[in-house]
Amino acid sequence: MPRPQPPAVPPIDSVEPAVSARTRGTLWRIESYVGKVLAIAAMEARKLRHDPTELLTRAIQPMLWLLVFGVVFARTHAIPTGTMGYLDFLAPGILAQSVLFVAIFYGISIIWERDLGIVHKFLVSPTPRTALVLGKAVSAGTRALSQAVIVYAVAAMLGVRLNWSATGLGSVIALVMLGAALFSTFSLIIACIVKTRERFMGIGQVLTMPLFFASNAIYPIAIMPDWLKWIAHVNPLTYEVDGLRASMLAGAASSFGLGLDFAVLGFALAVLVAIGGWIYPRIVI
């Protein structure tokens, strides 16, 4: 009876090309996905060339918060911020607030695009749904960077001790982009659910202030009542403010750790992009 032969092992030179081909295919798919995301982001960003006044009007609110609210409360010493001056404490919170306000109403553009038939063209294209959502999120991040320029300028004029190091500025840019992407994606999901401009504007206004006031933007978490502390610790805006405060101010430290701040924002963004990619086609139903 013949002895069974062991399975043939392909030579090494025949295995390497197959592995290399799979690697090239994976890299090509990643490159294609990133290219589609950037193409959507660039298309959205070009809209600002036709109507740049939106960014200027958005800049009024953070200026008022810093110049009026911040200056008055800094003189009254009504909010305990330890050794940090109140204007220093407030500036990163107002930057996060500005990013939130820019991003939270971003979803209304989806309703306009549906009414104009643009969404239908996106949906029949081979572009992945998550790439459509993520491209719009990246565009919202670039819009929010203009708010950072305004807040930095006003804060410097008021004598806030800013951190001008390359690491600090890079961290601020990353946090602003992440925060804007997160809240704009959340806005897109709301727009896909309510489907009308009137309902969207109402819900957006209802959600904005609780997100802002249930965070550490204008007062420390330590002085909050216990029930509000719990809400603040699950509020993504709290972690954005914490990261901005540690990166934006000279000599400041993060309460949670910059790693956790980035991890919370990144995880929340990934979850919302996945939900947004699933629900985005439903806006046309």
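Figures for the structure shown
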{"read-out": "Number of the exception - Glu240 against (1) more than 17 Å from Leu100 (Cβ to Cβ); (2) surrounded by 23 or more Cβ atoms within 10 Å (Cβ to Cβ); (3) of a type in the set (Asp, Glu)", "value": "(1)"}
{"read-out": "Count of region 245-276 residues which are aromatic (Phe, Trp, Tyr) and in a loop (DSSP other than H, G, I, E, B)", "value": "1"}
{"read-out": "Flag if Gly70 is among the small types (Gly, Ala, Ser), buried (at least 18 other Cβ atoms within 10 Å of the Cβ), assigned to a helix (DSSP H, G or I) and within 18 Å of the chain's Cα centre (by Cα)", "value": "no"}
{"read-out": "Pro92 being in a helix (DSSP H, G or I), out of contact with any Phe, Trp or Tyr (no Cβ under 7 Å at 6 or more places or on another chain) and closer than 18 Å to Phe213 by Cα", "value": "yes"}
{"read-out": "Any chance Ala42 is over 19 Å from Val176 (Cα atoms), surrounded by fewer than 14 Cβ atoms within 10 Å (Cβ to Cβ), among the hydrophobic types (A, V, I, L, M, F, W, C) and modelled with pLDDT under 85", "value": "no"}
{"read-out": "Counted residues, region 81-105 - those being at pLDDT below 85 and farther than 16 Å from Glu240 by Cβ", "value": "4"}
{"read-out": "Pairs where the first residue, in region 120-140, is in contact (Cβ under 8 Å) with a residue 24 or more places away in the chain and part of a helix (DSSP H, G or I) and the second is among the polar types (S, T, N, Q) and surrounded by 14 or more Cβ atoms within 10 Å (Cβ to Cβ), C-beta under 7 Å, 6+ apart", "value": "Val133/Thr185; Lys136/Ser184; Ala137/Ser184; Ala137/Thr185; Ala140/Ser184"}
{"read-out": "Boolean, Thr185 is within 28 Å of Arg282 (Cα to Cα) and modelled with pLDDT under 95", "value": "yes"}
{"read-out": "Some residue of region 253-270 being surrounded by fewer than 20 Cβ atoms within 10 Å (Cβ to Cβ), over 23 Å from Gly141 (Cβ atoms) and at pLDDT below 95", "value": "yes"}
{"read-out": "Conditions (1) surrounded by fewer than 23 Cβ atoms within 10 Å (Cβ to Cβ); (2) closer than 15 Å to Arg245 by Cβ; (3) more than 11 Å from the chain's Cα centre (by Cα): number failed by Ala174", "value": "(3)"}
{"read-out": "Identity of the residue in region 107-126, of a type in the set (A, V, I, L, M, F, W, C) and within 21 Å of the chain's Cα centre (by Cα), that ends up farthest from Ile283 (Cα to Cα)", "value": "Ile108"}
{"read-out": "Sole residue being under 21 Å from Asn216 (Cβ atoms) and polar (S, T, N, Q), chosen from Thr130, Thr83, Thr57", "value": "Thr83"}
{"read-out": "Selection status of Ala250, more than 26 Å from Tyr106 (Cα to Cα) and touching a strand residue (DSSP E or B) at 6+ places or on another chain (Cβ under 7 Å)", "value": "yes"}
{"read-out": "Neighbours by Cβ (under 7 Å, 6+ apart or cross-chain): first from region 176-198, at negative phi; second part of a helix (DSSP H, G or I) and of a type in the set (Asp, Glu)", "value": "Gly179/Glu240"}
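Results for (1) over 16 Å from the mean Cα position of the chain (by Cα); (2) modelled with pLDDT of 90 or more; (3) among the polar types (S, T, N, Q), shown as yes or no for each residue.
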site	(1), (2), (3)
Arg161	yes, yes, no
Ala166	yes, yes, no
Thr196	yes, no, yes
Arg199	yes, no, no
Trp227	yes, yes, no
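The values are calculated or read from the model by the stated rules, or taken from the named source; none is laboratory data. This is a predicted model, so every value here is computed, not measured. Glycine also receives a Cβ, built like all others from the backbone with ideal geometry; neighbour counts cover every protein chain displayed.
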